[in-house]
Structure formats: C-alpha cells, structure tokens
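Visitor: Let me begin by handing over the structure; questions about it come next.
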Amino acid sequence: MSATTTPRTTVTEREAREVAEAAREQDWRKPSFAKELFLGRFRLDLIHPHPLPDAESVRRGEEFLTKLRAFCESTIDSARIEREARIPDEVVAGLKELGALGMKIDPKYGGLGLTQLYYNKALALVGSASPAVGALLSAHQSIGVPQPLKMFGTQEQKDTFLPRCARTDISAFLLTEPDVGSDPARLATTAVPDGDDYVLDGVKLWTTNGVVADLLVVMARVPASEGHKGGITAFVVEAGSEGITVEHRNAFMGLRGIENGVTRFHQVRVPAANRIGPEGAGLKIALTTLNTGRLSLPAMCAGAGKWCLKIAREWAAEREQWGKPVALHEAVGSKISFIAATTFALEAVLDLSSQMADEDRNDIRIEAALAKLYGSEMAWLMADELVQIRGGRGYETAESLGARGERSVPAEQILRDLRINRIFEGSTEIMHLLIAREAVDAHLSVAGDLIDPDKSLSDKARAGANAGVFYAKWLPKLVAGPGQLPSAYNEFKHAVDLSGHLRYVERHARKLARSTFYAMSRWQGRMETKQGFLGRIVDIGAELFAMSAACVRAERLRSEGEHGREAYQLADAFCRQARIRVEELFARLWTNTDDLDRKVVKGVLGGAYTWLEEGVVDPSGEGPWIADATPGPSERENARRPYGA
C-alpha cells in the first residue's frame, strides 16, 4: 500500500450538521421526563410511582441471573483474561451454551427474551467478573446485528440472522474509520450497487468484536445514482466474506481481553437483501439503536460502583491508621460515602431508564444518553477514589499483590477498564452536544429560523410570530412552581425527608430553563459554539435527573419494605452531594474562563507557547497521526480469529 496519507474528505461545518440533523429522530411522539426537565417542567408523574416489571419477566430474569452468577464464579477467570489479553474459547462456548448471546432476542428465534432491565442486570454481573466479557456481550447485542435487525430488519432478515446471533454467531458494529469519528458526514467506506449486490470498499477502525465476529453491521456510503437514493446505509455482512481482512488487533490500556481491530473491505460483495432499511437510513438506524443500546455502559458502570463499594468497605474496616480503621477518618470516610451514595444513584438511573425502555410509553433518548454520560463519568471518579483509599496497594497490580501474599484486588485494573466508557459510544464531549441539541429542540422548533443566517426575512418573521406565542405561554410558568411550596412532595417525607430534594429539583429545573433561554437570547446563532456552556447545562440536567431517580427508587424500596430506611439515607446523602455540584455548575455558567481558554488555544495552535515545551524528549514513535486508509487490497495477514476455530 502507498505510504502516503489518505486525502481527507472535505466537509463544511454546515454540511456536517445537516447530516447529523437528518439522522435525528425529528418528532417527540411520547412524553420524556428528561426533555420536560430541561424545559423547566418537573413531571414527577412520568417516573413516580416507579414503574415495575411484570412477574413473569422477573421470574425469567432472576432464573437466568442465578445461572449466570454460577458461571461467572466457576468459569470466568478475570486474572487470566487480563494476563493473556484474551477471553478463552471455553468461556465464550459456555456463554453460548447459557444463551447469553441471545439475552435480548425473542425466544421464537432461539433467544432468552429478557427485558432491558434484566439484560442490564446481567451485564452488570458479568462485567464485574470481567469487563472484557461484558464488552463482548454488549457490543454483540446492544449495537451489533441483533438490535438493528430487531428494530428495522425485514422478516426474512430476522429469520436468517437472529437464530445465529442467539446461539452461535458473534456480531460487531463497524462505523468508525481512521479519519472519521463522531463526524459521519466524512464517512469514506463505499457500497456501490452492482446488480443484486453492493460492493464494499474501505477501512474501519476500533471494531469491537471485529477480530472474532461472524457477522458485521457495516455503515457505508452508497453513491447516488439512477434508481439509488444513496447516502450512509447499514448492511449485515458475513465476516468471512472474500475481500475482508482484519489487518490488526488493537491493544489498549484497559479491557485487554476485547477483540478490537482494523478491518479492510476490498471489493466485498454483499447481497442487496442484506441491506438494513432503505438507502440513506444508516445513521438514523445507528442512533435509534443506541437510544437503548447506550444503557449497557451505565449497567457495567453501576456494577463497577458496587464492586468499588465492597472493596472500600472491607479494606477501610481492616486497615488501621493512628489507632482506628481508616474508614473512621473523615478524609477517607467522605470518599466511602461518595461511592455508596453514587452507586445507589447510578443503579436508580439505570433501573428507571431500563424499565421505561421496557414499557415503551416514554421517549427515553435523553434519559439513556444522560445515563451513559453520568454513569461513565461517576464510575471513573468512584474507581479513582477506590485507588486513593487503597493507597499504594491501589496502584499495585493484583498479580503483584498476590505474588507477595496479599489479597489480589484489581483496583488499578478497574480504573483502566472504566476509562474507555467516557469515550465508547459517544465521548463525554459528544454526549454533551447530542443531549444539548435534544434539550433545546423545543426552542429550535419555534425559533430556529430566527437565528439561522440563511433564512429569508419572511421565514424569520414567521418564526418570530410562532416564537412569540410559545414564549408567551412558557416563560410565565418558569417564575413559580411546586418547589416553592413547603408541603410539596410530602409523600417522600418519612424518617428521612426527601421532599426538600424534590422541591430543589423542581426549582432548579425552572432555573435551568431560564438560563438556557437567556443564553439563546444572548448568543442566538452562536449558541452552538458555546460548548462549555452547553456542557454545564447538560451536567446540571444529569444531576437533577439522578436526584429524581434516587428519590423515586428510595420511595419504591420503602413502600416494598426492602431496605427502605437505608435507601432513604443513601438518597439523602446523594442528593446533598449532588446539590453542591449543581450550585457549582450554575455558578460556572456565567463565571468561567471559556473566552480566555479560546485565546490560549489559538496561541497554542499558532506556536506562541512552543518555548514551554522545551526541556523534555518525546518518546513517541515515527509515523502519521492518522493511518493511511486508501481503498485497495490488503497487504497484511488476516488476523481474524473466530472463537472455536
């Protein structure tokens, strides 16, 4: 292959936005608690009383969890997976035998038909045994072949592929390319129609499960031509097809057992019958799939929080400093309190979002995105605090600890393993922008043309009239609400009083909406460039959502007579901690260094501070920043390694 770097596809900022906007679900056909929250409307009725699964779903789910727990304890050797950087074939064979590949697939196709709630409980469980195994199962079912086919596939496709995915075949999802991350407008892989087939050419990067997969979901660009609408399109592709080469198995700081690689397609023929949905619908299919698929990451984050709490409790009670257990020293105790309260809240957010997904009566695109964003960020903080609580032993590897006679606790490993969740399936920065776009959808629907420089005066006038009607009704409702009534939400007032936290959420949801409106009025068309502001708006919404979920979960547990008093205590602690973060975020909306930061960045890029880099050496190797991805035949040995082959 040529050593030159692939010429980059040039796409303007506006073109990129148009592609992303076209892939969005445009309508809100069902209510959304989080959407209403960002609009300043605290719709507690949408989440309280806490929705519950039916008895049969619970029975089947618990039955499977019992089998899965026994398998995790007897067969999954996390230390071996970490040491060998591979999941043993016998582990995967055992998962297939359990039916774990088909947890979310309908029984009529050979799957288990678990609900989203129990699927996520299973991922939390298996992810605690080995995050790499959790990633394998999640990539296969949450974003791999089963989910898009379940939602968008033809009956023939379901009949053909779902039985394979349920029991024998592992799938992967291929979107990212060497020079294309969260900007799919520049997607370079092509699928050219040729008779009854499409011919795929291109290179895909970071293909989780791609090294071992039997089936692939591939996103490729179909050129527009006579009879072909064209656009980014989704295909089911047999991983063993002629012309597919896994050119490299990637290695990472964490999740060392995942089978993630670089996959090249050269003149790969795919039957038109394997196209998922119409041409041009690929991104919409991907984003819709992720609406619930994203819940797999907070599931494993909640599981990680539970493990961090267990280790912190056991260690901090055993380790003594200055005459008492370190847990009783305030500096350490505050960290344990943070881990306990946050784990309770993460599970509350996860269970609530999962059950709402199962009931399908709410639109949960924002809730799922918030769960992913909040779970990945908070789990990382909890793991970091665990390492700090463990001190030097937290930094030491489990293998080293065991070799010198101590309990082999993989605290440093979980820190490494969790780090990717802030990047997987939408980085924190991209999630901020995605959620912010959905949060301001109502505003853009009525006033978007007002701030669009390309719209005509007549369009702006029409938008102005519509906006006037909307804001005349909306703005007065942001002035006062139940959060100012001392008796509001008194059903949450028991031995521990949570009603004040819900009043806080209601008041600050209105404050959040006012802040968003003020920012739109102030910056208008430049609002989308204020990414620091938008990120803080989303983070406030995430905290308010988590507070709401924690309170509702605590009341559910109290009403069921299961750890109610303790749940109220944890919810109270979490809400008090969250309120401190919310106050800081509100303050930083208007008092920050965003403008100065932009100036410094321009100086950095312009070379004004290169003198600051003097006095060190750079141990990085040679080579381009982005690998060559020119289409063509592969010159590398195929690293594909199906399990059991």
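Visitor: Listed residues Ala122, Ala129; which is over 18 Å from the mean Cα position of the chain (by Cα), open to solvent by less than 40 Å² (accessible area, probe 1.4 Å) and more than 15 Å from Ala220 (Cβ to Cβ)?
Guide: Only one candidate qualifies: Ala129.
Visitor: Taking the stated definitions as given, is Val212 β-branched (Val, Ile, Thr), buried (at least 24 other Cβ atoms within 10 Å of the Cβ), within 20 Å of Ser634 (Cα to Cα) and within 26 Å of the chain's Cα centre (by Cα)?
Guide: Working: β-branched (Val, Ile, Thr): yes; buried (at least 24 other Cβ atoms within 10 Å of the Cβ): yes; within 20 Å of Ser634 (Cα to Cα): yes; within 26 Å of the chain's Cα centre (by Cα): yes.
It is true that Val212 is β-branched (Val, Ile, Thr), buried (at least 24 other Cβ atoms within 10 Å of the Cβ), within 20 Å of Ser634 (Cα to Cα) and within 26 Å of the chain's Cα centre (by Cα).
Visitor: Still on this model: For segment 193-235, which residues satisfy the criterion of being among the β-branched types (Val, Ile, Thr) and out of contact with any Gly (no Cβ under 8 Å at 6 or more places or on another chain)?
Guide: Val199, Val203, Thr208, Val212, Val218
Visitor: On to the next question. What are the residues in segment 225-246 that are open to solvent by less than 70 Å² (accessible area, probe 1.4 Å) and outside any strand (DSSP E or B), if any?
Guide: Gly230, Ala239, Gly240, Ser241, Gly243
Visitor: Can you name the number of the only condition in (1) at pLDDT 95 or above; (2) surrounded by fewer than 11 Cβ atoms within 10 Å (Cβ to Cβ); (3) not in a helix (DSSP H, G or I) that Gln26 fails?
Guide: (1)
Visitor: Right, something else. Could you check how many residues of segment 315-352 are polar (S, T, N, Q), without any contact (Cβ under 8 Å) to a residue 60 or more places away in the chain and in a helix (DSSP H, G or I)?
Guide: Going through segment 315-352, the residues polar (S, T, N, Q) turn out to be 321, 334, 337, 342-343.
When the remaining residues are screened for being without any contact (Cβ under 8 Å) to a residue 60 or more places away in the chain, the result is 321, 334, 343.
Next, from what is left, pick out any that are in a helix (DSSP H, G or I): 334, 343.
Here the count works out to 2.
Visitor: On to the next question. I want to confirm something. Restricting to segment 416-433 and keeping residues that are among the hydrophobic types (A, V, I, L, M, F, W, C) and more than 19 Å from Leu205 (Cβ to Cβ), which single residue is modelled with the highest pLDDT?
Guide: To start, the set of residues in segment 416-433 that are among the hydrophobic types (A, V, I, L, M, F, W, C) comprises 418, 420, 423-424, 430-431, 433.
Retained after the next criterion (residues that are more than 19 Å from Leu205 (Cβ to Cβ)): 418, 431, 433.
Values: Leu418: 97, Met431: 94, Leu433: 92.
Among those residues, the one meeting the criterion is Leu418.
Visitor: Can you find a residue that is under 24 Å from the mean Cα position of the chain (by Cα) and open to solvent by 30 Å² or more (accessible area, probe 1.4 Å) anywhere in segment 479-495?
Guide: No.
Visitor: Could you count how many residues in segment 309-330 are open to solvent by 60 Å² or more (accessible area, probe 1.4 Å) and touching a strand residue (DSSP E or B) at 6+ places or on another chain (Cβ under 8 Å)?
Guide: Going through segment 309-330 one residue at a time, the tally reaches 3.
Visitor: Identify, from the list Gly280, Gly202, Gly257, the residue that is in contact (Cβ under 8 Å) with a residue 24 or more places away in the chain, outside any strand (DSSP E or B), open to solvent by less than 10 Å² (accessible area, probe 1.4 Å) and of a type outside the set (A, V, I, L, M). I'd like the intermediate steps shown before the answer.
Guide: Numbers: Gly280 fails: open to solvent by less than 10 Å² (accessible area, probe 1.4 Å); Gly202 fails: outside any strand (DSSP E or B).
Testing whether each residue is in contact (Cβ under 8 Å) with a residue 24 or more places away in the chain, outside any strand (DSSP E or B), open to solvent by less than 10 Å² (accessible area, probe 1.4 Å) and of a type outside the set (A, V, I, L, M) leaves just Gly257.
Visitor: Criterion first (open to solvent by 60 Å² or more (accessible area, probe 1.4 Å), assigned to a strand (DSSP E or B), closer than 29 Å to Glu25 by Cβ and of a type in the set (D, E, K, R)) does Arg269 satisfy it?
Guide: Numbers: open to solvent by 60 Å² or more (accessible area, probe 1.4 Å): yes; assigned to a strand (DSSP E or B): yes; closer than 29 Å to Glu25 by Cβ: no; of a type in the set (D, E, K, R): yes.
No: the conditions fail for Arg269.
Visitor: Now for a different question. Would you mind stating whether Gly102 is of a type outside the set (S, T, N, Q), closer than 30 Å to Arg221 by Cα and within 18 Å of the chain's Cα centre (by Cα)?
Guide: Taking the combined requirement at face value, the residue does not satisfy it.
Visitor: While we're looking at this one, here's another question. Considering Asp572, Asp595, Asp618, which residue is in contact (Cβ under 8 Å) with a residue 24 or more places away in the chain, charged (D, E, K, R) and either open to solvent by 60 Å² or more (accessible area, probe 1.4 Å) or part of a helix (DSSP H, G or I) (or both)?
Guide: Unique residue meeting the criteria: Asp572.
Visitor: Something else: So which pairs qualify, if the first residue must be in segment 390-402 and within 22 Å of Ile336 (Cα to Cα), the second must be open to solvent by 50 Å² or more (accessible area, probe 1.4 Å), the Cβ gap must be under 8 Å, and the two must be at least 6 apart or on different chains?
Guide: Sorted first by the residue in segment 390-402, then by its partner, the pairs are Arg393/Glu406; Gly394/Gln388; Ala398/Ala79; Ala398/Ser408.
Visitor: Among the residues that make up segment 69-89, is at least one of them of a type outside the set (Lys, Arg), under 24 Å from Lys158 (Cα atoms) and at pLDDT 95 or above?
Guide: We begin by selecting, within segment 69-89, every residue of a type outside the set (Lys, Arg); these are 70-79, 81-82, 84-85, 87-89.
Remaining after also requiring under 24 Å from Lys158 (Cα atoms): none.
No, because not a single residue in segment 69-89 is of a type outside the set (Lys, Arg), under 24 Å from Lys158 (Cα atoms) and at pLDDT 95 or above.
Visitor: I'm told Gly561 meets every condition in (1) under 30 Å from Pro51 (Cβ atoms); (2) in a helix (DSSP H, G or I); (3) over 27 Å from the mean Cα position of the chain (by Cα) except one. Can you identify the failing condition by its number?
Guide: Failing condition for Gly561: (2).
Residues are listed down the side, and each one gets a yes or a no for (1) under 29 Å from Gly535 (Cβ atoms); (2) of a type in the set (S, T, N, Q); (3) surrounded by fewer than 22 Cβ atoms within 10 Å (Cβ to Cβ):
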position	(1), (2), (3)
Val332	no, no, yes
Leu346	yes, no, no
Asp360	no, no, yes
Arg365	yes, no, no
Ala379	yes, no, no
Gly391	no, no, yes
Arg404	no, no, yes
Ile423	yes, no, yes
Glu429	yes, no, yes
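Visitor: Tell me, which residue of segment 406-419 that is under 30 Å from Asp183 (Cβ atoms) and buried (at least 21 other Cβ atoms within 10 Å of the Cβ) is nearest to the chain's Cα centre (by Cα)? So that I can check it myself, show each step before the final result.
Guide: Applying the first criterion (under 30 Å from Asp183 (Cβ atoms)) to segment 406-419 yields 415-419.
From what is left, the residues that are buried (at least 21 other Cβ atoms within 10 Å of the Cβ) are 415, 417-418.
On the way: Leu415: 17, Asp417: 15, Leu418: 12 Å.
Across segment 406-419, the extreme among qualifying residues is Leu418.
Visitor: Select from segment 95-115 the residues that are surrounded by fewer than 24 Cβ atoms within 10 Å (Cβ to Cβ), under 20 Å from Glu56 (Cβ atoms) and touching a residue at least 60 places away in the same chain (Cβ under 8 Å) and list them in ascending order.
Guide: Residues satisfying the conditions are Gly99, Thr115.
Visitor: So for segment 216-224 (the condition being under 20 Å from the mean Cα position of the chain (by Cα), open to solvent by 20 Å² or more (accessible area, probe 1.4 Å) and hydrophobic (A, V, I, L, M, F, W, C)), does at least one residue qualify?
Guide: No - not one qualifying residue is present in segment 216-224.
The values are calculated or read from the model by the stated rules, or taken from the named source; none is laboratory data. No experiment lies behind these values; they were computed from the predicted model shown. Because the Cβ atoms are built from the backbone with ideal geometry, glycine has one as well, and the counts that use them run over all protein chains shown. Calculation scope for accessible area: heavy atoms of the full protein, side chains included, ligands and nucleic acids excluded. Shrake-Rupley method; radii C 1.70, N 1.55, O 1.52, S 1.80 Å.
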